[in-house]
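Below is one structure, written out as structure tokens; comments come after it.
The values are calculated or read from the model by the stated rules, or taken from the named source; none is laboratory data. Because the structure is a prediction, the values reported are computed rather than measured. For neighbour counting, all protein chains shown are included, and Cβ atoms are generated from backbone atoms with ideal geometry for every residue, glycine included. Remember, those area values only see protein heavy atoms, side chains included, never the ligands or the DNA or RNA. Shrake-Rupley method; radii C 1.70, N 1.55, O 1.52, S 1.80 Å.
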Amino acid sequence: MLSKVRAAMTGLVGSKSTKQSIKPDVCQQDKEPPKTEIPSPRVPCRPGFLSLTPEELQASGDHTSRIILSPKNPGELHWGTGYAEVVNAGKSLHNEDQACCEYITVEMRDGKSNDCLKEFPESGQSIIQKQESLDQVDHDIGFSYWGLFDGHAGCGCAMFAAKLLHFHVCDQLRDLVSILRQPVATPAPLCLVHVTTENAAGTPKEKKTQPPLDTELRFHLEKQVFPESLVIGALENAFREMDKQIETERTTHKIDGGCCALVAVHLMGKIYVANAGDSRAIIIRQGKPIPMSQEFTPETERQRVQFLARVMATIGVTRGLGDHDLKVYNSNIYIKPFLSCAPGVRVYDLSEYEHDANDVMVMGTDGLWDVIKDEEVADIVQRVFASHDNDDQSNRYSLVAKELVLRTRGVLKENSWRLASGSQASVDDISVFVIPLAEGHRSL
């Protein structure tokens, strides 16, 4: 499967300013794979949807000015998502954060090995028109996808994952298309059925049915796996396959270091947030923050790694992608066997709540969360909305993203970046998505 994803993505990895497509990526039937190999990632490299000129790209890496970047045309991203980012204050040569925002259609596998192939946009066709045409097809499903990748020890792993992880998600969902398109069924009982009969005197008595002789058949009769659990499993498998590909191709494509990965998938009315690392996501509904992810650090997973004190002295996260060559300081002991690429996954059902234009999900790398609390983020979101209540809706989300980055980046005072309060601002790379939940609710 790794070779299929590699072939499908030929030429995409390493693009400096290729404009991100709003036309769905499509997992299609077999096609002859391209003959050329994926080129090694080039740096500096920023998300294609920023559409940076070479001059803007160079300016974006200035650690002293730390220019805040955002899409030039608000509303261009799926759902009118807002986005903003800024480079670090000099802790690494390049911005090691990467981002991806896509809409993907997944075609049924039909017993064949299919490839996820990229289709580039047709001018003049709106997202709504595309969605209506996709809804008429019975043999596929679609999902919206947002990903943030915070690299460490280099940006290669984050760049690679940003280009490929959604294709692994696509491939894992292929086998679930027919299941997910079925109406929600009543769960099967979790125990054997009891049958009531009558004895010779006419008194009811209970008689237990005999279990099937075939143990495997008995298990399937007693248990039922809900579609939501299958999707969670697909996301977990996608992370593992991505990690395997990084391991296999890290030398060929110079994939350095590792990365934290935070992914949100909107599929059939539910948002699945998968996180491996210390990036985080929160939902802000009616002005109140709702955590949608868990940080995975040596502190939060203390029980799992408490006997591995050397991990804490080498790397600040216990889950993520890559890091296959990382060793304990001054030794030949590899850290990777003690780390995990498996994400924690949380699910939010949009259909359970009414959402207005002020309800959003905020996704951010740790550069944001290191200096701000959930409640402060919610407060900033509401204040920006209140100040721009009459503005174009899509522009409001970009303004929120930029304001969150501005507040946490701070200002340069006497060679130090400071918050408005005077305390230390974030000196890390900061990347933020602001996703309007009302758009997802309307798509139900």
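Among helices (runs of 4 or more DSSP H) entirely within the stretch 342-444, having at least 2 residues that are open to solvent by 10 Å² or more (accessible area, probe 1.4 Å) and closer than 28 Å to residue 239 by Cα singles out 366-369, 437-442.
Considering each of 123, 65, 133 in turn, give the residue that is more than 27 Å from residue 253 (Cα to Cα), at pLDDT 95 or above and out of contact with any helix residue (DSSP H, G or I) (no Cβ under 6 Å at 6 or more places or on another chain). Spell out the reasoning first.
Values: 123 fails: at pLDDT 95 or above; 133 fails: at pLDDT 95 or above.
One residue alone meets the criteria, 65.
When residue 313 is tested against (1) at pLDDT 60 or above; (2) farther than 19 Å from residue 173 by Cβ, exactly one condition is not met: (1). Out of the residues in the stretch 40-65 that are closer than 19 Å to residue 148 by Cα and of a type in the set (D, E, K, R), which is least open to solvent (accessible area, probe 1.4 Å)? By that ranking, first place goes to 46. Of all residues in the stretch 48-75, those satisfying the criterion of being in contact (Cβ under 8 Å) with a residue 60 or more places away in the chain, under 25 Å from residue 359 (Cα atoms) and not polar (S, T, N, Q) are 68, 71, 74, 75.
Can you name every residue in the stretch 272-296 that is modelled with pLDDT under 80 and open to solvent by 20 Å² or more (accessible area, probe 1.4 Å)? Give the steps one after another, and end with the answer.
Step one: of the stretch 272-296, the residues modelled with pLDDT under 80 are 294-296.
Residues satisfying the conditions are 294, 295.
Condition check: surrounded by fewer than 21 Cβ atoms within 10 Å (Cβ to Cβ), within 15 Å of residue 155 (Cβ to Cβ) and not basic (Lys, Arg). Does residue 75 satisfy that? It is false that residue 75 is surrounded by fewer than 21 Cβ atoms within 10 Å (Cβ to Cβ), within 15 Å of residue 155 (Cβ to Cβ) and not basic (Lys, Arg). Looking across the stretch 233-285, just one residue is under 24 Å from residue 81 (Cα atoms), touching a Cys at 6+ places or on another chain (Cβ under 7 Å), part of a strand (DSSP E or B) and of a type outside the set (A, V, I, L, M), and that is 259.
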